[in-house]
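Notes for the one structure printed next.
Just so it is clear, none of the values below were taken in a lab; they were calculated from the coordinates. Everything quoted here is computed from the prediction, not taken from an experiment. With ideal geometry, Cβ positions are generated from the backbone for all residues, glycine too; neighbour counts draw on all protein chains shown.
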Amino acid sequence: TELNYDSKQSNRVATTALRQWPFLESTVARLSKGEDEAEKVVNDLKEIRSKLVQRKNMQVFVAGNLKDIPEPMQTLVDALNPPTTATTNSENLTTEKGELLTDISDFFTRSSNTGRAAVCSLSAIESSFLSLTASGVGAYDPNHASLLVAIEYLTALEGDFWVKLRGAGLTYGSSISNNTESKLLKFGLFKCTDVVSAFKAASQIVTDYASGESTIPHVGLESAKSSLAYSIISGVSTKLSAASQAWSSSYLGKKVDYDKWILSEISKVTVEDVMSSLVKYLIPLFDTQSNLSVTCPANKFDEICDYFTSKGWKDLQKISEDKLCKTFVA
């Protein structure tokens, strides 16, 4: 998060544990200074609440059989309006109308820097974790469907990543995902016994397909497409989940029929399309222009730093546990 998003403008960065820790420490310190200071803290929190908890800032989703409710619209309005009491601050009950959010991608304020890297040693862990991020695609990008199929094929149960990473005992798990809101493509390794060997193996798998040494069989392609279709359909298999999906789609810049559209696009994907997306997006993911973060036990710290520096991440930050907050928050 710290490497991928703008540290001054992104809410995602502001809410990380590293950013919150100094604030929470100072708040606890203020609370311990006595009743007067504690009251100031409470008043600060109340002021924040009064600014945020406004009707213009809220949007309501209701699902159910509204026919069973007499005068459903008025009933819901009455139920959702705050009660008027003698202690209600009328200044906070604004009648100003808010605007419907239709695309939250603008709120993902990404950093323009690439090729950033950080390795952090933590005393509390016995295995390593790795994250690589690079540019991905948006929801309606013409390459989105083929990229999804490529990811599904590589990460399938008993697929290449499963067999050559987990099966070889290099890592407990791995993943590749594309976030259409932030347009970030991410590769992750978690609970690695040997993060360097796991990275090498994953990179080699993708390189072998790009070079033509490994090929995607027709059966494997159809299996990946079927698995994707099932995961999409199962996400809207009930009335409530379908209604919720339609509601949330408006925030993500997607049309109500997005699932139908992406299913249609997936069905058209060919082996050539998959190979094109693999070369265009997955190969750069393992390049030094991607952002790299690793957390590891202290005894693997130097080895991991030396390896990724030799691979081309020249400005790699070596961060010890006691300097985490100072490095990212200062």
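What value, in deg cm²/dmol to 500, does the helix sum -39500 (n - 2.57) over DSSP H runs of n ≥ 4 give at 222 nm once divided by the residues of the chain?
Working: 12 runs with 137 residues, N = 330.
Result for the chain: -12500 deg cm²/dmol, rounded to the nearest 500.
Net charge around ASN299, counting only other residues with Cβ within less than 15 Å of its Cβ (Lys, Arg = +1; Asp, Glu = -1)? Mind dumping the intermediate values first?
On the way: positive: LYS300, LYS318; negative: GLU126, ASP194, ASP302, GLU303, ASP306, GLU321.
Within the 15 Å Cβ shell, the charges total -4.
What FRET efficiency comes out for SER320 versus THR15 if R0 is 25 angstrom and r is the Cβ-Cβ distance? Round to the nearest 0.05.
On the way: r = 24 Å, r/R0 = 0.96.
Between SER320 and THR15 the formula returns 0.55.
Please state the shape class of region 239-330: rounded when a/c is under 1.5, otherwise prolate if a/b exceeds b/c and oblate if not, all from the C-alpha gyration tensor. Please list the in-between numbers first.
Numbers: a/c = 3.63, a/b = 1.76, b/c = 2.07.
Judged from the Cα gyration tensor, region 239-330 comes out oblate (a/c at least 1.5, b/c at or above a/b).
Where in the chain are the DSSP H helices whose alpha-carbon span along the long axis reaches 18 Å or more and whose Kyte-Doolittle mean is at least 0.0?
Details: long enough: 17-31 (20 Å, 0.13); 35-52 (26 Å, -1.07); 195-211 (24 Å, 0.69); 218-234 (24 Å, 0.48).
Helices meeting the span and hydropathy rule in the chain are 17-31, 195-211, 218-234.
Using only the Cα atoms of region 194-288, build the gyration tensor, take square roots of its eigenvalues as a ≥ b ≥ c, and label the shape rounded, prolate or oblate: rounded if a/c is under 1.5, else prolate if a/b is larger than b/c, else oblate. Before the final figure, lay out each step's value.
On the way: a/c = 2.42, a/b = 1.86, b/c = 1.30.
Because a/c hits 1.5 or more and a/b exceeds b/c, region 194-288 counts as prolate.
Check ALA118: other-chain or 5+ apart residues with amide H under 5 Å from its amide H, H built from backbone geometry?
HN-HN under 5 Å from ALA118: LEU292, SER293, VAL294, GLN317.
I'm spelling it out carefully: the read-out is Kirkwood radius over Cα pairs in Å, the candidates are (i) 22.6; (ii) 23.5; (iii) 20.4, and one was derived from this structure. Which label?
Matching the structure shown: (ii).
HN-Hα J couplings of region 177-194 from phi, Karplus 6.51/-1.76/1.60, θ = phi - 60°, integer Hz, Gly and Pro as x?
8, 10, 9, 6, 6, 8, 6, 10, 9, 10, 10, x, 10, 9, 6, 7, 7, 9
Using a Förster distance of 51 Å, how high is the FRET efficiency between SER227 and ARG30, based on the Cβ-Cβ distance and rounded to 0.05? Walk me through the intermediate numbers first.
Values: r = 53 Å, r/R0 = 1.03.
After rounding, the FRET efficiency stands at 0.45.
Rounded, prolate or oblate for region 183-245? Axes are the square roots of the Cα gyration tensor eigenvalues, ordered a ≥ b ≥ c, and the cut-off for rounded is a/c under 1.5.
On the way: a/c = 3.17, a/b = 1.61, b/c = 1.97.
Taking the square roots of the gyration eigenvalues as a ≥ b ≥ c, region 183-245 is oblate.
Would you look at the GNM of the chain, springs on alpha carbons closer than 10 Å, and say which of ARG49, ARG19, ARG166 moves the most?
Among ARG49, ARG19, ARG166, the largest GNM mean-square fluctuation belongs to ARG49.
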